Amino acid sequence: MKQQSTGKGFAYLSAAEMLVKIMSVVYVPLLVRILGDVGHGIYVVSYDAFTFIYVLTNEGIQRGIAKLISELTAKGNHRDALRAFRLARSVLILLSLFASILLYAMAPLIATASKSPQATIAIRALSPTVLITGVLSAYRGYFLGRSYIASNAVSKIIEQLVNVTVSLAAAWALMKVSVEYGVAGGTLGTSAGALVAIILLVREYYKGRLHKVKRSMQDPEAYRHTNRELLMKLFNYGFPITMSAGIQNLGGFIDMFIVNNALYTAGLDFTAAKTAFSQLSRFKTLIYTPNTIIVALTAVLLPGISRARALDDDEDVERKIRFAVKTVFMIAMPSAFGLMVLADPVYALLYPGRAGAVLLKYGAFVVVFLGFVMVQNVIFQSFGKFYWGIATLSLGIVVKLVSNSYFVGMPEVNIMGAVLSMYLNYIIPFIMNNILIAKGLGIRMNLIRESVRPLAASAAMGGVLYLTNLLLSGVKAGYVLSSMLTFANIGAGMAVYFTVLLLIGGLKKDEIREISPRLLRMIPEGIRSRMK
């Protein structure tokens, strides 16, 4: 089993995350067709409830494991790293078991409070998944901490493939019984996919002999921690990261109740309210798609910076942060321009005959602020300033909840108010985090300098897409041909963006070579010769 550098690890994981998200983007329209808008609105309620519990029990400890393992292995203390993983795995099993039982028992209350009593069966169907994903999170955290990222990437792809296949098949079969059972069927793949991913990682764990530590690997001078010390470190790392992710998802969980109730206040009936909530969910799916690459970046960045700080390598810390800032701009900027300009054809491709493109047109630039807040929080976590990110996120979420209760309840605004609230949710912590990073940590991220080239390339791409979209809008074509034209337009936009970016020096040869020398060789010689 081969370890990966930060650049290659990011490349592996981002490719995997993108494939997973593409499957999700394709899966959602199919699920909407099977369940209908109302059924999908009920499905979203059940999945939001599961996601909240999942984050509380898994997300923080997984990252805490990765951070602790990376620090211990950087100092040659492989025995304690393995022991920390085993302790964390035991803790996650107990915690996730309790959370599974709690979610099952609370299902009727959650469903009724969200004005969706039909979601009870689906929430209960998801409850065992919390336990399964708890075990999976332990292994993923260990593999990330040891920089075995390729195995994690493969497991994510296979997990999503199983999830999509089982969920669609079960939803289709159970819709013949009722909408409630069809929605529950749409959740079954989550458990099946996670279970298959566990089997794959456990196999790699033993095949790669990661359950043993060779004497030559262990530094005899390394300090040996007690079980209590390792558990305290896991708690000190995992708890604030859990709080950070948990507060964000708590905001989404509470928001589920606020938005659903506010839609009724705006004068919508049950069908219209569930349809609008389904539109909001589809908008969020598209908005979060580009940030899957940034999720991959944060996954490798946390153990990477933690390892560099454990070795007192300030130069490597600065290099990794600079790489992260640049990557966010290179991914988020063109994504925002593309989603805004191509909102109508993208919706016609994914959700033919269904409304909602207007949310994407106005909400596309949420991608930029969301991406930066994610990276900023990882920087705080890497420096042990866990509660700084929690404080700024909490403020943004409070503003979002208040604005949603006001704007969504206005008949002339209704669901568009949720888009405005998302901007406030991320712009507020984005500004505050920049101040804290500059003044509190003494790190200047040079946002203006790093944004100029990606912004210029994105604007060029946006201009080309606008013109081609204008020309193609006059072409009368069926679904298949219009879909092909949309894909061709997206491909042309990507080609324009990367060509302009390379020509103006937005991406250097060494940066591409760090990710993959083969990728550098794939760039046409005429462009490569002009690169720095």
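Screening the candidates 137, 151, 147 for the property of being of a type outside the set (D, E, K, R), at positive phi and at pLDDT below 90 yields one hit, 147. Among the residues of the range 105-128, is there at least one that is β-branched (Val, Ile, Thr) and under 30 Å from residue 211 (Cβ atoms)? No: the range 105-128 contains no residue that is β-branched (Val, Ile, Thr) and under 30 Å from residue 211 (Cβ atoms). Summed over the range 281-301, the residues that are modelled with pLDDT of 80 or more, among the aliphatic types (A, V, I, L, M) and touching a Leu at 6+ places or on another chain (Cβ under 7 Å) give a count of 1.
Being more than 18 Å from the chain's Cα centre (by Cα) and either under 17 Å from residue 163 (Cβ atoms) or among the basic types (Lys, Arg) (or both) is the filter here, so list the residues in the range 131-152 that pass it. Across the range 131-152, the qualifying residues are 131, 132, 135, 146.
Condition first: without any contact (Cβ under 8 Å) to a residue 60 or more places away in the chain and surrounded by 21 or more Cβ atoms within 10 Å (Cβ to Cβ). Now tell me which residues in the range 429-452 satisfy that. 429, the sole residue that qualifies. Under the condition of being in a helix (DSSP H, G or I) and over 25 Å from the mean Cα position of the chain (by Cα), which residue from the range 419-447 is nearest to residue 315 (Cα to Cα)? So the residue we want is 438.
Residue by residue through the range 154-163, note down the ones that are surrounded by fewer than 24 Cβ atoms within 10 Å (Cβ to Cβ) and either polar (S, T, N, Q) or more than 18 Å from residue 54 (Cβ to Cβ) (or both). The answer is 154, 157, 158, 160, 161.
The values are calculated or read from the model by the stated rules, or taken from the named source; none is laboratory data. If you're wondering where the values come from, they're calculated on a predicted model, not measured in any experiment. Methodologically, a virtual Cβ is constructed for each residue, glycine included, from the backbone with ideal geometry; neighbour enumeration extends over all protein chains shown.
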